[in-house]
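Here the structure comes first, spelled out in structure tokens, and everything after it is commentary.
What follows draws every value from the coordinates through simple rules; no lab data is involved. Since the structure is predicted, the reported quantities are computational estimates derived from the model, not experimental observations. FYI the Cβ positions are ideal-geometry reconstructions off the backbone, even for glycines, and counts take in every protein chain you see.
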Amino acid sequence: MKKLFVIEDDSSIRELIRMALVSFSYEVTVFDNAEDAMAAIAKTPPDLCIFDIMLPGMSGLDALRKLRAVHATAKLPVIMLTAKDTELDKITGLDFGADDYITKPFSVMELGARVRAALRRAEPQAEEDLTAADITINQRTREVICAGQKTELTFKEYELLCFLIINKARIVPREELLRAVWGTDFIGESRTLDMHIRTLRQKLNDDADDPRYIKTVRYVGYRFIG
């Protein structure tokens, strides 16, 4: 049984999430502040965390940044829960290393879908290295080397890059990328894909107007051209 931590200071929302996840057969531990959750994570990391961004004391974003700075939790799947719905808030969360985000209010089915997708993408892979242009990906360790430099990617950015490289001989439609990276049970806006592509380009130092790696094919999708 997968073990999940939920960090949310609103008791009613916290209980709603706990009950929903328990109904999906997860073992759930809840916290009303990030400090207690971080102490528990340090002892025994769960399989996934759901952090509210706005928390008393340490914010969810600060907690996420601390998790990503420690080797033992650098790849721990983290979903951010937020009442904010601006692109800047989402990009900030992705830049800090979040694997996904859920905007309040949300449905129980969306919550379950996003948790399943995050856990599925976190499963270890035992595949051969991928190489394209000056990018090398070790799929066993999920290490990405771009232009001789180690590049830290979130789970979704990593999956996007791998899928684009594997399919570099063709244009990959947006709908196919969403299914491949977020799963067939994905519920959300297609702009999720655009935001992840944007942050992936930033980390690869790829210019959208003069791309070395990822080309946008307007109204269709994306293609790896390196």
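Worth pointing out:
- Of all DSSP beta bridges confined to segment 130-224, the antiparallel ones make up roughly 100%.
- Listed values for segment 208-218 are Karplus-derived 3J(HN,Hα) couplings in whole Hz (6.51 cos²θ - 1.76 cosθ + 1.60, θ = phi - 60°), namely 4, 7, 9, x, 9, 10, 10, 9, 8, 9, 4, and x replaces Gly and Pro.
- Set of aspartates and glutamates near K203 by C-alpha distance (under 19 Å), chain-local residues within fewer than 8 positions excluded: E87, D89, D95, D99, D100, D134, E143, E152, E157, E159, D194
- For V6, nonlocal amide neighbours, meaning residues 5 or more places apart or on other chains whose placed amide H falls under 5 Å from its own, are T29, V30, F31, I50.
- Of all DSSP beta bridges confined to the chain, the antiparallel ones make up roughly 50%.
- Dipole in debye (nearest 20) - the chain, about Cα centre, beta carbon charges: Lys, Arg +1; Asp, Glu -1: 540 debye
- Lys/Arg +1, Asp/Glu -1 at C-beta; the chain dipole; positive extreme among F155, T216, A69: T216
- Close amide-amide hydrogen proximity is noted between I214 and I225, each under 5 Å apart and 5 or more residues distant or on a separate chain (H modeled in the peptide plane; Pro and chain starts excluded).
- Exposure proxy ranking, count of Cβ atoms within 10 Å, fewest first, for T192, T141: T141, T192
- Exceeding the 25 Å Cα-Cα cut-off - candidates K43/K75; K3/K75; K104/K168; K104/K150: K104/K168; K104/K150
- Mean ellipticity per residue at 222 nm, deg cm²/dmol - from DSSP H runs of n ≥ 4 across the chain, formula -39500 (n - 2.57): -12000 deg cm²/dmol
- Close amide H partners of L81, meaning residues 5 or more places away or on another chain with modelled amide H under 5 Å apart, are F51, D52, I53, I102.
- Correct option for volume of the Cα convex hull per residue in Å³ [calculated from the coordinates] among (i) 121; (ii) 110; (iii) 216: (i)
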